[in-house]
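All remarks here apply to the structure that follows.
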Amino acid sequence: MIESFSTNESLQPALTQPLLGSAPPRSAKTRRLAAAPAFAITSGKGGVGKTNVVANLAAALIAKQKRVMVIDADLGLANLDLFLGVKPKYTLADFFTGAASLGEIITVNRQGILLLPGASGVQEITALRHDQKLALLTELDALTDDLDLVLVDTGSGISDAVTYFTTATQEIVVVVTPEPSSLTDAYALVKVLTSMHHEKRFRILANNVSGEAEARRLFDTLSRTALRFLNASLDLLGWIPTDPRLARAVARAQMVVNDAPSAPSAQALLTIADRLLESIAAGVKVKSNLQFFFQRMLEANRAER
């Protein structure tokens with residue numbers, strides 16, 4: 001059963017309270033150090049399990065005592081709230097119409113995952129204007145202190161909204177499956193992000209594969225092509241096996257990490273969560289902190305003028 005929790009009704013007020021502006025303002029230096037890295041989870045085509053991956057990675061990170069926010073940036077066709085088991089009172093559509101602030105929109109689920117929900121069936125916000133982008137980044141900057149990680153669930157494909165949110169994050173994770181169309185569309189996405197947005201590094205997550213061997217075959221095929229024709233660097237972040245318990249969890253809009261933590265897919269997701277944390281701790285491949293996320297968004301806004 002889907003239940004609704006607002007940030008004012010949080011089951012973990014100590015976790016969410018600083019994010020809602022109740023804590024004293026920090027100095028600029030402290031804020032820069034406290035800002036969380038942002039990872040975009042994206043795909044070339046729909047139906048590859050991207051949103052399910054985001055929800056489960058968030059749950060896995062919460063299980064590891066990390067403070068996580070997920071942003072449903074699939075504007076117009078959002079459904080991350082279903083996986084998280086919440087029914088938001090407001091969405092980004094309300095923010096862009098001026099009906100609610102981001103602080104009022106943010107919802108927390110029972111596990112403590114913070115969600116900035118997108119809208120579903122609202123075509124007007126699928127193409128954001130300059131002033132809307134600026135308003136979004138301005139309020140986000142005030143709400144994302146005291147987090148360990150931000151996951152951005154983008155739409156699929158190569159639309160302006162997808163490339164906008166994807167290129168604004170430090171790390172880009174592309175979800176692929178064994179379907180030939182998934183690989184073709186993933187390559188098309190990497191090509192657009194490389195040639196038009198100067199991105200050169202991507203992490204690949206193979207989903208719904210028979211095992212590590214198939215995951216590596218998918219990765220090798222995509223990686224060789226991207227390196228040869230795009231001069232883009234791809235890394236294999238991990239793989240998630242085909243798992244009937246994962247399929248059952250998805251059918252019930254549940255997260256397998258919570259529903260069946262011993263399942264092979266749940267264990268794989270926990271491993272991938274560890275790798276995200278390891279990359280942050282290493283500080284090598286992450287471009288910057290979350291301020292980079294807002295800076296890139298601001299630069300894009302200025303370029304549109």
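The values are calculated or read from the model by the stated rules, or taken from the named source; none is laboratory data. Every value quoted in this text rests on a predicted model; they were computed, and no experiment measured them. With ideal geometry, Cβ positions are generated from the backbone for all residues, glycine too; neighbour counts draw on all protein chains shown.
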Expected single match for among the acidic types (D, E) and more than 22 Å from the chain's Cα centre (by Cα) among D235, D220 is D220
Residues in the range 173-208 that are within 17 Å of G49 (Cβ to Cβ) and aliphatic (A, V, I, L, M) total 10
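Residue by residue, here is whether (1) in contact with a Lys or Arg (Cβ under 9 Å, 6 or more places away or on another chain); (2) surrounded by fewer than 18 Cβ atoms within 10 Å (Cβ to Cβ); (3) farther than 26 Å from N52 by Cβ; (4) at pLDDT below 90 holds:
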position	(1), (2), (3), (4)
R228	no, yes, yes, no
L237	yes, no, no, no
R245	no, yes, no, no
V256	yes, no, no, no
E278	no, yes, no, no
Selection from the range 86-111 of residues surrounded by fewer than 21 Cβ atoms within 10 Å (Cβ to Cβ) and assigned to a loop (DSSP other than H, G, I, E, B) yields K87, K89, Y90, T97, G98, A99, A100, S101, R110, Q111
D185 charged (D, E, K, R), part of a helix (DSSP H, G or I) and in contact with a Lys or Arg (Cβ under 7 Å, 6 or more places away or on another chain):
yes
Taking the criterion of being assigned to a loop (DSSP other than H, G, I, E, B), surrounded by 23 or more Cβ atoms within 10 Å (Cβ to Cβ) and at pLDDT 70 or above, would at least one residue in the range 137-147 satisfy it?
no
Residue hits (the range 250-271; aliphatic (A, V, I, L, M) and under 20 Å from the mean Cα position of the chain (by Cα)) are V250, A253, M255, V256, V257, A266, A268, L269, L270
How many residues of the range 65-77 are touching a Leu at 6+ places or on another chain (Cβ under 8 Å) and either within 22 Å of Y164 (Cβ to Cβ) or assigned to a strand (DSSP E or B) (or both)? The answer is 7
Flagged pairs (Cβ under 9 angstrom, 6 or more apart or on separate chains; first in the range 254-275, closer than 10 Å to I240 by Cα; second at pLDDT 95 or above and of a type in the set (D, E)) are P264/D243; S265/D243; A266/D243; A268/D243
Notebook entry, point to check: In this structure, is L189 under 30 Å from R129 (Cα atoms) and of a type outside the set (K, R)?
Noted result: yes
